[in-house]
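Chemist: Structure in structure tokens, see below.
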Amino acid sequence: MPDVASGDWDFRELFIAGKRGVRAQHPNEGFFRAGRVVADRRTGLIYKPGDIDIQGTARGDLELAFLYDWSSARVRVAAIDREKREITTAYRVGGESRHFQMNHFEKHPRYRLENHPALLDMPGEWYLNRRTGLLRYIPLPGQEPENTEVFAPYATGLFVIRGEDSQPVQHVHLEGLSFEHCAWRIPESGYAGGQACFYDIQRADAGYWDRRKPIPAAVVVEHARFCSFTNGRISHVGTSGLWVGRQTHACVVGHSTFSDISANGIMIGEGQGRNIESLGPWWQHAPEQTASRNVVRDCLIEQVGQQFYGGIGIWAGIVQRTIIEHNEIRDTPYSGISIGWVWKPKKSPAGQNRIRNNHIHRVMQTLSDGGGIYTLGRQPGSVISGNHIHGIPMNAGRAESNGMFFDQGTTGFTVRGNLVRDVVKSPLRFNRTQANTIQSNTLVRQGETPPIRYSIGFDEKLINKRGNTIARPRDFVMSNHRRLINNAGPRTPAQSSF
């Protein structure tokens, strides 16, 4: 049996009566804002009077959860000095790049403390003592040991379909299966998150030896063709959900639910970090390895990023002819759908992708600088159409959140027939992109907020705008868009074909 006290088991999630328990935290809701960060901008912060009342660290159990605009970090606390109101971390906070200095985005960044016995003060909270293995939990009303089912995950993955370069797996179909309860143990130096739950690993000498590693997934498909995951469920996991990864072609994810996930819901393709021996980046020297013709349709993706707040509903990296359609994505801390993943308009294999008829709402609930749909890089021949996006709140960080955010290098997209409403900031935003077409969309703006925001110095002539309707909430009539709204989101199996 695995044992916590011996060091071979250290779980970060506890699932109680079918729900994720709350790791003892302070504050119980939301986050504090730091008074300031320490001089090196990396190893601590000064908290505001009255925020923290803890001395010491419970010998390494206490953790700092720290937020940037579009990513998060987690690191053990080395000490708390109540007299100085200073929290000192055991390792540097954040990833390698300079913009992960603690106050780069905001003078008073957000943070929270977790996993200390003094923080265990609300029903539904739990605390794990890593030295003794003692688990403490405050039950919710009606919960008793004899009638409450509790799962502490141990497995780090649940199912893998993986072929080889010369012999891909073909025609493996997972239908009607449910996967739950797996864990991911963050590096000893902490979780230094970048975008979309990729992270850096810090060396003991405070350098970095590995960059842009993705949080793993519970179910992984690689080197595969004509495989599928349908009518299934992945939920209550401490990892990402499903990863249709490198060298996958014509695989289908359909009519499935992805819920209560610590990182990304669904991942397709891969980042640019993998190298081919003696040549260099795979996407430059072996473009035939690009994931292509994969489909995600008629799925519900909700409550992702439960622990790693940069979690995306559906993430797609350097993909070709990928279809993401008729999904409902809701209740996420960051973007709903993100598709990239080469910065700037560099030539890459990515292109001819379709994001259509998705219902995306109540996203961007924690982080900033993203959107219901987020794009990155050159993807010629790609189309975003028929999506219904709403419920985007005011950004809590420095940069605004949008219905759609077209970030650096975005090129070659046609964006047509989408409805974007109930967005506090601009429905669309462009940052250092190239040529794209915006056609026949309905953009509902609030107050004097511009319907389309451009970064400073942006040449607006790069965006070909035709036939778009700009409305205010008082002038917008939902009935006029009923057909689009009804067409967005998952369909019943009778309406869909795999």
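The values are calculated or read from the model by the stated rules, or taken from the named source; none is laboratory data. Keep in mind the model is a prediction, meaning the values are calculated, not measured. Here the Cβ is made from the backbone with ideal geometry for all residues, glycine too, and neighbour counts use every protein chain on show. What goes into the accessible areas is simple: the full protein's heavy atoms, side chains included, and nothing from ligands, DNA or RNA. Shrake-Rupley method; radii C 1.70, N 1.55, O 1.52, S 1.80 Å.
Chemist: Restricting the search to the range 57-112, which residues are closer than 17 Å to His26 by Cβ, open to solvent by 30 Å² or more (accessible area, probe 1.4 Å) and assigned to a loop (DSSP other than H, G, I, E, B)?
Modeler: Arg82, Arg85, listed by residue number.
Chemist: Here is a further query. If only one of Gly193, Gly133, Gly176 is over 20 Å from the mean Cα position of the chain (by Cα), within 26 Å of Trp315 (Cβ to Cβ) and touching a residue at least 12 places away in the same chain (Cβ under 8 Å), which one is it? Step through it out loud before you land on a result.
Modeler: Details: Gly193 fails: over 20 Å from the mean Cα position of the chain (by Cα); Gly133 fails: within 26 Å of Trp315 (Cβ to Cβ).
It is Gly176.
Chemist: Identify, please: which residue in the range 113-142 is among the polar types (S, T, N, Q) and open to solvent by less than 70 Å² (accessible area, probe 1.4 Å) and is, among those, nearest to Ser189 (Cα to Cα)?
Modeler: Selected residue: Asn115.
Chemist: Among the listed residues Gly50, Gly94, Gly60, Gly56, which satisfies the condition of being under 21 Å from the mean Cα position of the chain (by Cα) and on the phi > 0 side of the Ramachandran plot?
Modeler: Gly94
Chemist: Now, a different point. Quick test of your reading of the structure: Ser278 fulfils all but one of (1) part of a strand (DSSP E or B); (2) over 22 Å from the mean Cα position of the chain (by Cα). Name the failing condition by number.
Modeler: Against the list (1) part of a strand (DSSP E or B); (2) over 22 Å from the mean Cα position of the chain (by Cα), Ser278 comes up short only on (1).
Chemist: I'm told Gln446 meets every condition in (1) open to solvent by less than 30 Å² (accessible area, probe 1.4 Å); (2) modelled with pLDDT under 95; (3) among the polar types (S, T, N, Q) except one. Can you identify the failing condition by its number?
Modeler: Every listed condition holds for Gln446 apart from (1).
Chemist: Within the group Gly336, Gly273, which residue is in contact (Cβ under 8 Å) with a residue 40 or more places away in the chain, open to solvent by 20 Å² or more (accessible area, probe 1.4 Å) and not acidic (Asp, Glu)? If you could, list the steps in order and put the result at the bottom.
Modeler: Working: Gly336 fails: open to solvent by 20 Å² or more (accessible area, probe 1.4 Å).
It is Gly273.
Chemist: Within the range 358-373, take every residue that is crowded, with 24+ Cβ neighbours inside 10 Å and in contact (Cβ under 8 Å) with a residue 40 or more places away in the chain and give me the one that is farthest from Gly313 (Cα to Cα).
Modeler: Only one residue tops the list, namely Asp369.
Chemist: Here is a follow-up. I need the full set of residues from the range 233-259 which are open to solvent by less than 10 Å² (accessible area, probe 1.4 Å), of a type in the set (S, T, N, Q) and assigned to a loop (DSSP other than H, G, I, E, B), in order please.
Modeler: Within the range 233-259, Thr239, Ser256 meet the criteria.
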